[in-house]
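Everything below concerns the one structure shown next.
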Amino acid sequence: MTNYDLLQMLGYVFNILGLLVCIGGLTLARRPDRRLLGRSLAVLGFVIAAAPVLVQLFGLVEPVPVGAVPPR
């Protein structure tokens, strides 16, 4: 199993976890005394959710090249 395959499988986990952290942060940001903490958690959740795309964007994990399909 390559790193790219592992990243594809864990992408859904990162998206769900990031979404939950982001929603929790936005809910917390509604209170004036917790606004900075809530916004920080919302940004952290967004980064967690976007982590698979960012890892590919920065070239840390490269997709596996697919071979050409032989003619029949």
Given the conditions (1) among the charged types (D, E, K, R); (2) closer than 29 Å to residue 8 by Cα; (3) without any contact (Cβ under 8 Å) to a residue 40 or more places away in the chain, and given that residue 31 satisfies all but one, which numbered condition is not satisfied? (2)
Starting from the stretch 61-72, take each residue that is on the phi < 0 side of the Ramachandran plot and list its partners that are modelled with pLDDT under 70 and assigned to a loop (DSSP other than H, G, I, E, B), counting only C-beta distances under 9 angstrom and pairs at least six apart or across chains. none
Residues of the stretch 4-23 that turn out to be within 30 Å of residue 35 (Cα to Cα) and surrounded by 14 or more Cβ atoms within 10 Å (Cβ to Cβ), as a count: 8
State whether the residues of the stretch 30-37 include one that is outside any loop (DSSP other than H, G, I, E, B) and surrounded by 13 or more Cβ atoms within 10 Å (Cβ to Cβ). yes
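The values are calculated or read from the model by the stated rules, or taken from the named source; none is laboratory data. Keep in mind it's a predicted model, so treat the numbers as computed, not measured. When we count neighbours, we look across all protein chains shown, and the Cβ atoms used for this are built from the backbone with ideal geometry, even at glycine.
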